[in-house]
1. Out of the residues in region 287-346 meeting the condition of being under 30 Å from Trp273 (Cβ atoms), part of a loop (DSSP other than H, G, I, E, B) and among the β-branched types (Val, Ile, Thr), tell me which one is farthest from the chain's Cα centre (by Cα).
2. Among the candidates Cys185, Cys142, single out the residue that is at pLDDT 95 or above, within 16 Å of ligand 1 (Cβ to nearest atom) and not assigned by TED's automatic domain parsing to the domain that holds Val254.
3. Assigned by TED's automatic domain parsing to the domain that holds Ala325, at pLDDT 95 or above and surrounded by fewer than 24 Cβ atoms within 10 Å (Cβ to Cβ): is that true of Arg49 in this structure?
4. Six or more apart or on different chains, Cβ under 7 Å: which pairs go from a residue in region 323-344 that's more than 29 Å from Gly19 (Cα to Cα) to one that's of a type in the set (Asp, Glu) and crowded, with 19+ Cβ neighbours inside 10 Å? Could you list them?
5. Going by what's in this entry, would Pro165 be described as crowded, with 17+ Cβ neighbours inside 10 Å and under 25 Å from Glu100 (Cβ atoms)?
6. Across region 205-252, which residue is nearest to ligand 2 (Cβ to nearest atom) among those that are without any contact (Cβ under 8 Å) to a residue 40 or more places away in the chain, within 16 Å of Val175 (Cβ to Cβ) and buried (at least 16 other Cβ atoms within 10 Å of the Cβ)?
7. Anything in region 156-177 that is touching a residue at least 40 places away in the same chain (Cβ under 8 Å) and part of a helix (DSSP H, G or I)? List them, or say none.
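The values are calculated or read from the model by the stated rules, or taken from the named source; none is laboratory data. All figures in this text were calculated on a predicted structure; none of them were measured in a lab. Cβ coordinates were reconstructed from backbone atoms using ideal geometry, including for glycine residues, and neighbour counts include every protein chain displayed.
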Amino acid sequence: APSDPDLVERARAAKARLGEKVFVLGHHYQRDEVIQFADVTGDSFKLAREAAARPEAEYIVFCGVHFMAESADILTSDAQRVVLPDLAAGCSMADMATAEQVAECWDVLTEAGVAGSTVPVSYMNSSADIKAFTGRHGGTICTSSNARRALEWAFGEGERVLFLPDQHLGRNTAVRDLGLSLDDCVVYNPHKPNGGLTAGELRAAKMILWRGHCSVHGRFSLDSVNEVRERIPGVNVLVHPECRHEVVAAADHVGSTEHIIQTLEAAPAGSKWAIGTELNLVRRLAARYAPEGKEISFLDRTVCFCSTMNRIDLPHLVWALESLADGKVVNRIEVDPETETYAKAALERMLALP
Ligand code: 13P
Ligand code: SF4
């Protein structure tokens, strides 16, 4: 649906009043009505770098989800304020690993005698607490666009990796990019005693995968791939690495949101694509490339939007911008200093990866 012209005008006016003071970041999964006001769009890696590179902006308005705004707060100076237009924009995957559960997991690894040789690697899609845990134990953060480099680095530091919280990104990267086997991976279930693993299994594992997943990408199945190949002969299947391993194995191409966009940009006219990632992005890409004769469809029509990404809508953005323009800071995301110190160490290790 087209955006409400009155709200569009108000957002424009509030942004104009704020001028250089505000910088609006927009993740690729945001609604069209919101993304039109982003000063920069990107995947989570690009947005983390952009936030860190804007010391002049007094306010960073983050159109994305909570963990992204936390990361922006960690990477910006104390004087800069990060605002999330709707505090209910969380991430179900990030919520699957709590600080208590991860501390307990580390105790289990210590008990099994493997903690000293295990390096934590945490996906950006995790709370600041989990990032701090990672930093405290000498690990790194990764995103879907640098997971391979993060794992290569980690295997230079230790014998095995504890990968949090997305089992699929961990497994897909280990198997596809590092050539490990599925048998090298075990899944730690925080709801079972000792994660459901024996000390022997932990010792033998190269990848200890946290039992977390994305509720959107986890819904694409092997059937989705088979069905689309039948429906659209000659289609190229391109999926995000948060998809399940069998989906990634059956796809033609795999990559982060930024990679998906670049692949479609470079695709020849007349090519056909089925994309397995969030619907807002897929719809936008389909509309953008249709005039060039690229036929882009959604991998599975029964999968829907990321509901928390969609919490950020134009009314919330207008409210946040108008409040800031009136000198009132609303919905500030602020990580406490101790958590920030360790989380920052882990994030900076990621930013320094080759
Ligand atoms: P990227 O932006 O790193 O591709 O991550 C996708 C995602 O699910 C963000 O929530
Ligand atoms: Fe979280 Fe998945 Fe939504 Fe990304 S798409 S914010 S990982 S639930």
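1. Among them, the one singled out is Thr302.
2. Cys142
3. Numbers: assigned by TED's automatic domain parsing to the domain that holds Ala325: yes; at pLDDT 95 or above: no; surrounded by fewer than 24 Cβ atoms within 10 Å (Cβ to Cβ): yes.
No; evaluated as a whole, the condition is false for this residue.
4. From residues that are more than 29 Å from Gly19 (Cα to Cα), the pairs are Thr339/Asp129.
5. Details: crowded, with 17+ Cβ neighbours inside 10 Å: yes; under 25 Å from Glu100 (Cβ atoms): yes.
Taking the combined requirement at face value, the residue satisfies it.
6. Here the residue is Val247.
7. To start, the set of residues in region 156-177 that are touching a residue at least 40 places away in the same chain (Cβ under 8 Å) comprises 158-173, 175-176.
Answer for region 156-177, where residues must be touching a residue at least 40 places away in the same chain (Cβ under 8 Å) and part of a helix (DSSP H, G or I): Gln167, His168, Leu169, Gly170, Arg171, Asn172, Thr173, Val175, Arg176.
Here's the yes/no breakdown for (1) within 16 Å of ligand 1 (Cβ to nearest atom); (2) under 17 Å from the mean Cα position of the chain (by Cα); (3) not assigned by TED's automatic domain parsing to the domain that holds Val330:
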position: Arg54; (1), (2), (3): no, no, no
position: Cys63; (1), (2), (3): yes, yes, no
position: His66; (1), (2), (3): yes, yes, no
position: Ala99; (1), (2), (3): no, no, yes
position: Glu104; (1), (2), (3): no, no, yes
position: Thr110; (1), (2), (3): no, no, yes
position: Ala115; (1), (2), (3): no, no, yes
position: Met124; (1), (2), (3): yes, yes, yes
